[in-house]
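The values are calculated or read from the model by the stated rules, or taken from the named source; none is laboratory data. Keep in mind the model is a prediction, meaning the values are calculated, not measured. Methodologically, a virtual Cβ is constructed for each residue, glycine included, from the backbone with ideal geometry; neighbour enumeration extends over all protein chains shown. Surface areas here come from the heavy atoms of the whole protein model, side chains and all, with no ligands, DNA or RNA. Shrake-Rupley method; radii C 1.70, N 1.55, O 1.52, S 1.80 Å.
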Amino acid sequence: MRLNSLFLLLLLSGAVHAGDVCNPTKLVGPYAFQLSGSTTISGTPQPTASLCRITFDGSSVVSGTASATFSGVLLGNPVTGTYEAKSDCSVTWKLQDDSGAFQNFSGTLSPDGTRVQFRQTDPGGAQRGIMQKTSDTCSAADLQKKYKFTVSGSTTPMQPGEVPHTVSAEGALDVAQNSSFQVDSDCSVHFVLALPPEYSPMTMRGFLVNGGKEILAFQTDPGAMVAARFRSDSK
């Protein structure tokens, strides 16, 4: 009898853990997302990195701005679209840029509504996506003193004599010692990241998320398809 009771309790605890429940109305307001990986949408596999700031209006409409690096070229457009969030924590949305093209996404919302793990669902779309809640407005005061970071991606030659590189690095960033930081009111942040000598300094653009405790970013230098994440240990 005790064994049967224990078995039942284990089953129930597993079911609760596996079946998160979300309140769809928590997906509202501004979010920033980063998407990276390889895409075959244009035919042959190509590395890509995207960074967006979008706002969910609470009534199935989403709008914002999107930037992407593809074949080493940085592109940016305003975007509009629709979304659907469900109580099983699934989220889908589609974005249309000013060319008329649509991109489709699907992911899983965290129960507190602050984070979405997602992928692009168009055939050949990039698969590594993270979206996090950002603030309505930000200032330099929202920056943390120090961040740990990971950087990954690749570069493609844009000028004669250049060679492609794979980029993979991690380290720590002291904001006070980096005089290049600029924070805009929409929570976007611009700075230069200096890595070990084998890499050139990277011009970064990102968004402060999670109350400034994290930054989702990508490199904006020509030829770069490089994504970066910064996390602070501050509580």
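Taking the chain as a Gaussian network, where each spring joins two C-alpha atoms under 10 Å apart, which residue of V79, V189, V61 fluctuates the most? Among V79, V189, V61, the largest GNM mean-square fluctuation belongs to V61. With springs connecting C-alpha atoms under 10 Å apart, model the chain as a Gaussian network and identify which of N104, N210, N178 has the largest mean-square fluctuation. Greatest mean-square fluctuation among the candidates belongs to N178.
Measuring from each cysteine beta-carbon in the chain, the ones with no other cysteine beta-carbon under 4.7 angstrom are C52. Take the convex hull of the alpha carbons in segment 27-146; its mean projected area over all directions comes to 8.5 nm². Across A32, A49, A85, mean-square fluctuation computed from a Gaussian network of the chain (C-alpha pairs under 10 Å connected) peaks at A85.
Measuring r between the beta carbons of V192 and Q127 and using R0 = 41 Å, the FRET efficiency lands at 0.90.
For D142 and S60, the difference between the fully extended length at 0.36 nm per residue and the C-alpha to C-alpha distance is 26.6 nm.
Among the listed pairs K26/K148; K94/K146; K94/K145; K86/K146, those with a Cα-Cα distance over 32 Å are K94/K146; K94/K145; K86/K146. Annotation for segment 113-203: GluC sites (Glu not before Pro) lying in DSSP loop with at most 15 further Cβ atoms inside 10 Å of their Cβ are E162, E198. For segment 120-150, the residues whose backbone nitrogen is under 17 Å from a point 7 Å from the Cα of Y199, taken along Cα to Cβ, are 147-150.
Label-to-label distance, T82 versus A172, with points set 7 angstrom from Cα along the beta-carbon direction: 5.0 nm. Using just its DSSP H runs of length 4 or more, each adding -39500 (n - 2.57), the chain gives a mean residue ellipticity at 222 nm of -2500 deg cm²/dmol after division by all residues. Put a plus charge on the Cβ of each Lys and Arg, a minus charge on the Cβ of each Asp and Glu, and nothing anywhere else: the dipole of the chain about its Cα centre is then about 680 debye.
Seen against the Cα atoms of the chain and their longest principal axis, helix 2-18 is set at about 40 degrees. Normalised per residue, the accessible area of the chain is 53 Å², obtained with a 1.4 Å probe and no contribution from ligands, DNA or RNA.
In the chain, taking the dipole from charged Cβ atoms about the Cα centre, the farthest positive-side position among T134, M225, S71 is held by T134.
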